[in-house]
Amino acid sequence: MSTSVPADVVRRLRALREEIDTHNYRYHVLDQPSVPDSEYDALFRELLALEAAHPDLVTPDSPSQRVGAAPRADFAAVTHRVPMLSLNNAFGEEDVIAFDRRAREALGVDAIEYATEPKFDGLAISLAYEDGRFAVGATRGDGFTGEDVTANLRTVRAIPLRLADPSPPRLLEVRGEVIMLKRDFEKLNRDQLARGEKIFANPRNAAAGSLRQLDPKVTARRPLTFFAYGIGAVEGAAEHWTKHAELLQYLMRQRFRVAPERRVASGVARLLDYYREIGEQRDRLPYEIDGVVYKVNDLKAQERLGFVARAPRFAIAHKYPAEEAVTEVMDIEVNVGRTGALTPVARLKPVFVGGVTVTNATLHNEDEIRRKDVRIGDQVLVRRAGDVIPEVVSVVRERRPATSRVFVMPALCPVCGSRVERLPDEAVARCTAGLYCPAQRKQALLHFASRRAMDIEGLGEKLVDQLVDRDLVRDPSDLYRLNEATLADLDRMAEKSAANVMAAIEASKNTTLARFIYALGIRNVGEATAKDLAQHFGRLCAMMKAGPAALEQVPDVGPVVAASIASFFSERHNREVIVSLRRRARVKWAKLVGRAIRVGAAHGKTFVLTGTLPHLSREEAQGRIEAAGGKVAGSVSRKTDYVVVGADPGAKYERALALEIPVLDEDGLMALLGDSPSSRQGSSA
Ligand code: IVH
């Protein structure tokens, strides 16, 4: 160094880098930002200014050095010091049981302790740290030689540029997966679409495409993250790990992201429990996984078990059913929904995806078909995740046959032949026939009978189809005129099931105002709005008479919803159906004693329930809170007013304490609601 640098500049640089690294860590690894963006930006600007004034003090591990590397012509080859092998797959429980048995026999033990982790669906990466500094990052490649993507990996904020360990190993290869979180993937695709750029089929493709960019500046703009799940070569380490789980702990202390869902489990039964547990959470996890991985926890035992061919004998991947598959669009048909919306549906060559055989997938609307350019005869990528309706994600363009046909939205309703209309600012085309269209009538009846509406068990699609097709039922009030003999006469209806349906219809006459409003199927009035309306008006006639301005007094009801409600009640036919349901069928509900309740202490307050209450079920507690004008939310936040705690409360209780939110037990809740159940509800038809 030719010029001497004041010691305070060196100190300030070090402090700035440490502080920025810590903010990065909190934001990108812990997901707990600690300062506002503006403060972070100010620190970063100060760092850049100091480094510009003292260029010889710039170090490769400075946070300023994450971006800015020049584009490359290609990626250099990197030979892995320890090969990056793959895992054998288990597709069923028998494969896991056999894996465990082989390992137990080889080790001569009765039960094995395993470390269990999610199997990330991204790109395997190896990160070499030399004397604690990130030196080289490479893709897996063929397992022996990968591509040098160091410059791109430096832009990934969840990858530390230096280890926190004050006496780091001379060499440490950290192995893990570069992925894109689901929420980041969705946002990226929205942004790409808005800019008219290519959208990605899934987070894995988006991560791969983003990492294999010759220009690191492009990678820097993509929201990638990294999860560590193991190590490769290690030289000169001060610590000696004996368990895989300890190793992960060490990596966490080095500020890597490690799956929070990891566990230690002994014996094969616990492995299968873990598989189920993670399987249930799969849709809710922030990232995509395609299985779970079981690894023998003891590292010495791992070494003894060794490898066969290119996979370890000490670990196995237990796979979940794939959520995506490619199949052919045999036709595109149009379904007519309850509100007359025409939804194009792809009829598919049957394909096994998401654990079931799928034959239809939604195409949402005309614009979606245009955007994805889906044609009849195309090979398409179909996705079915959890219980979500299967959808066509994208077209495999390379496989488009010359005979493929473009879909045209019909001008007439495919069910009733009425005119189809698409309003200028709507994505949806609708049949204009309303309840004269049998398809809309069927959907309206199914909605009326659905569990959260009038809850008529047994009144399913097959039955409704027949009732409408034979003109036995035209509107919901006709349901209450049916008799057992008529029902028993229909296809697939035995006497017993006819009696059951009749009993369910009879039982549905005792309902609540909120259910009844919801059951009417007013456009834009979902379950929550129906509850708000019932709460606010207390009586159906008051609501029917209300004009748009009065309707907008209800929480969360804006001009659009108010207009839908007013227009629904302005139709004479709708009013007649209601009169008939009330007077002839004698549908009734307990009257809410309106205003008195709304001034109570619970009115407008948000409650969260956790644990088992001594007397009230969760539904009852929720019902009482709502009857008193309160709301029940699923998770605790600063907006929560009260947390109601029963026996064995969950993490919500701890969060309530941490956020200093008032906690109530059941008695406390009842006191707050201010009265006994009987004084709040009187019965009236
Ligand atoms: S351990 C010796 N753990 O799965 C094998 N791999 O088929 C070391 N993967 O290419 C791999 N999540 O990219 C391991 N928690 C996890 C994983 C995981 C995803 C990937 C990895 C590897 C492939 C193996």
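Annotations for the structure displayed:
- Projecting the Cα atoms of 428, 32, 260 onto the charge dipole of the chain, computed from C-beta unit charges around the Cα centre, puts 428 farthest toward the positive end.
- For the range 407-515, a Kirkwood radius taken over Cα pairs fed into Stokes-Einstein (10 °C, viscosity 1.306 mPa s) yields D = 103 µm²/s.
- Inter-label distance for residue 436 and residue 465, nm, one decimal - labels placed 7 Å from Cα along Cα-to-Cβ: 2.6
- Volume per residue of the C-alpha convex hull in the range 135-285, rounded to whole Å³: 139
- Pairwise label distance in nanometres, residue 671 with residue 277, each label 7 Å out on the Cα-Cβ vector: 3.8
- The stretch between residue 131 and residue 397, if pulled fully straight at 0.36 nm per residue, gains 91.0 nm over its current Cα-Cα span.
- Screening the chain for DSSP H helices whose Cα atoms reach 27 Å or more along their own axis and whose mean Kyte hydropathy is at least 1.6 gives nothing.
- Taking 0.36 nm per residue of sequence separation and removing the Cα-Cα distance, the residue 539/residue 481 pair yields an extension gain of 18.4 nm.
- Sites residue 584 and residue 331 - FRET efficiency at Förster radius 35 Å, r taken between beta-carbons, to 0.05: 0.20
- Zone of residue 639's modelled label, taken as backbone nitrogen in the range 601-616 under 20 Å from a point 7 Å along Cα→Cβ: 602-610
- Residue list for the range 84-109, given a label point 7 angstrom along the Cα-to-Cβ vector of residue 311 and an amide N cut-off under 16 Å: 84-103
- Largest-first ellipsoid semi-axes for the range 30-157, taking √(5λ) over the Cα gyration tensor eigenvalues, angstrom: 42, 21, 14
- Cross-link reach list, lysines versus residue 605, counting only Cα pairs under 21 Å and skipping chain neighbours closer than eight places: 531, 631, 639, 652
- Rounded D (µm²/s) - the range 1-63, Kirkwood Rh over Cα pairs, Stokes-Einstein at 37 °C, 0.692 mPa s: 263
- Charge tally for residue 406 (other residues, Cβ to Cβ under 10 Å; Lys, Arg +1; Asp, Glu -1): +2.
- Within the range 57-86, backbone nitrogen closer than 12 Å to the virtual label 7 Å beyond the Cα of residue 218 toward Cβ: 71-74
- Take each peptide in 420-430, 457-467, count the other Cβ atoms within 10 Å of every residue, and average; sorted highest first, the result is 457-467, 420-430.
- Share, in percent, of DSSP beta bridges within the chain that are antiparallel, nearest 5: 85
- Extension gain, residue 67 back to residue 362 (0.36 nm per residue minus Cα-Cα distance, nm): 102.1 nm
- Spread over its residues, the convex hull of the C-alpha atoms of the range 132-175 is 77 Å³ per residue.
- Packing-based order for 219-226, 439-446, 36-43, 322-329, using average beta carbon neighbours within 10 Å, highest first: 439-446, 219-226, 322-329, 36-43
- Projecting the Cα atoms of 355, 404, 312 onto the charge dipole of the range 307-439, computed from C-beta unit charges around the Cα centre, puts 312 farthest toward the positive end.
- Over the chain - Rg/Rh using Cα atoms and the Kirkwood inverse-distance radius: 1.03
- Estimated [θ] at 222 nm from DSSP helical runs (n ≥ 4, -39500 (n - 2.57)) normalised by residues in the chain, nearest 500: -10500 deg cm²/dmol
- Out-of-range pairs (alpha-carbon distance over 20 Å; input 509/591; 442/588; 182/217): 442/588; 182/217
- Taking the Kirkwood radius as Rh and the Cα radius of gyration as Rg, the range 551-631 has a ratio of Rg/Rh equal to 1.08.
- On the basis of the beta-carbon distance and an R0 of 41 Å, residue 412 and residue 387 show a calculated FRET efficiency of 0.80.
- Annotation for residue 632 and residue 4: the two label points, set 7 Å from Cα along the Cα-Cβ direction, are 7.3 nm apart.
Just so you know, all these numbers are worked out from the coordinates, no wet-lab data involved. None of the values given here were measured: they were computed from a predicted structure. In this analysis, Cβ positions are derived from the backbone assuming ideal geometry, glycine residues included, and neighbour counts consider all displayed protein chains.
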